[in-house]
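First up is the structure itself, then whatever we jot down about it.
The values are calculated or read from the model by the stated rules, or taken from the named source; none is laboratory data. This one's a predicted model, so the numbers in the text were calculated from it and none came from an experiment. Reconstructed Cβ throughout: ideal geometry from the backbone, glycine too, with neighbour counts over all protein chains shown.
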Amino acid sequence: MDYILGNYNYWATVILMMTGFYIVINSGNLVKKLIGLAIFQSSVLLMYISASKVTGARFPILEEGVELYSNPLPHVLMLTAIVVGIATISVGLALVVRIKEEYGTIEEDEILNKDLRFIARSKKEIKEDSKKSELKPVIEQNLREKKKPSPKKTATKKPVTKKTTAKKSTSTTKAGGKK
């Protein structure tokens, strides 16, 4: 029991991580997915900061009588990760706003259905256009001609002649002058 209570921060990390993961996987709403992603990121930050904690250690400023120092690098890296996470969530929210403008919804299933309907409609239009195509008879005629055996042609070589060109003499004239 002491082990469980002594490592409560790791248990909180696992609970937060699984909660965020569940929200990302289970939710169909894009904003909820971003919130789940933020919760998952927070759990990772908590895990790294918890792992870097050294019991009885002091911050790394040299003082007399202090023998154990804490490494500040994990904390600095997590500050960077927080900034990157905020930027990622911001871009995600901007994309959600753009998707809402385009599709009129932020529900994943409705967006997928609209995309599938658009693809089906596009395929139907392509089929209709190919039926109405003016090139279709020409294409069919070309295909029929390819199937017919063509008469064998005899190859004749043309003699190679060298073309010579005479250089034309050009001279420049002054303005208003004659050649």
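Go through the stretch 34-59 and give me each residue that's assigned to a helix (DSSP H, G or I) and β-branched (Val, Ile, Thr). It would help to see each step written out before you state the result.
So the first thing to find is which residues in the stretch 34-59 are assigned to a helix (DSSP H, G or I), and the list is 34-52.
Scanning the stretch 34-59 gives ILE35, ILE39, VAL44, ILE49.
If a residue must be within 17 Å of THR88 (Cβ to Cβ) and not small (Gly, Ala, Ser), how many such residues does the stretch 18-40 contain?
Quick first cut of the stretch 18-40, residues within 17 Å of THR88 (Cβ to Cβ) only: 20-21, 23-24, 30-40.
Then keep just the ones that are not small (Gly, Ala, Ser); that gives 21, 23-24, 30-35, 37, 39-40.
Number satisfying all stated conditions: 12.
Pairs under 8 Å by beta carbon, first residue touching a residue at least 60 places away in the same chain (Cβ under 8 Å) and part of a helix (DSSP H, G or I) in the stretch 7-33, partner surrounded by fewer than 15 Cβ atoms within 10 Å (Cβ to Cβ) and small (Gly, Ala, Ser), six or more apart or different chains?
Taking only residues 6 or more apart or on different chains, not a single pair turns up.
Looking only at the stretch 3-56, count every residue that is loosely packed, with under 14 Cβ neighbours inside 10 Å, at pLDDT below 95 and among the hydroxyl-bearing types (Ser, Thr, Tyr) and tell me the total.
So the count comes out to 3.
Might you let me know whether the stretch 67-78 holds any residue that is touching a helix residue (DSSP H, G or I) at 6+ places or on another chain (Cβ under 6 Å), in contact (Cβ under 8 Å) with a residue 24 or more places away in the chain, in a helix (DSSP H, G or I) and on the phi < 0 side of the Ramachandran plot? Reasoning before the result, please.
Narrowing the stretch 67-78 to residues touching a helix residue (DSSP H, G or I) at 6+ places or on another chain (Cβ under 6 Å): 74, 78.
From what's left, in contact (Cβ under 8 Å) with a residue 24 or more places away in the chain: 74, 78.
If we keep only those that are in a helix (DSSP H, G or I) too, we end up with 74, 78.
So of that shortlist, the ones also on the phi < 0 side of the Ramachandran plot come out as 74, 78.
The answer is yes, given that some residue of the stretch 67-78 is touching a helix residue (DSSP H, G or I) at 6+ places or on another chain (Cβ under 6 Å), in contact (Cβ under 8 Å) with a residue 24 or more places away in the chain, in a helix (DSSP H, G or I) and on the phi < 0 side of the Ramachandran plot.
Could you tell me which of the residues GLU140, GLU101 is farther than 19 Å from ILE23 by Cβ and at pLDDT below 80?
Every option except GLU140 fails the conditions.
From the residues in the stretch 83-120 that are part of a helix (DSSP H, G or I) and of a type in the set (Gly, Ala, Ser), which one is farthest from ILE35 (Cα to Cα)? Steps first, answer last, please.
Of all residues in the stretch 83-120, those part of a helix (DSSP H, G or I) come to 83-103, 108-120.
Those still in the list that are of a type in the set (Gly, Ala, Ser) too: 85, 87, 90, 92, 94, 120.
Working: GLY85: 11, ALA87: 14, SER90: 11, GLY92: 10, ALA94: 14, ALA120: 33 Å.
For the stretch 83-120, the residue satisfying everything is ALA120.
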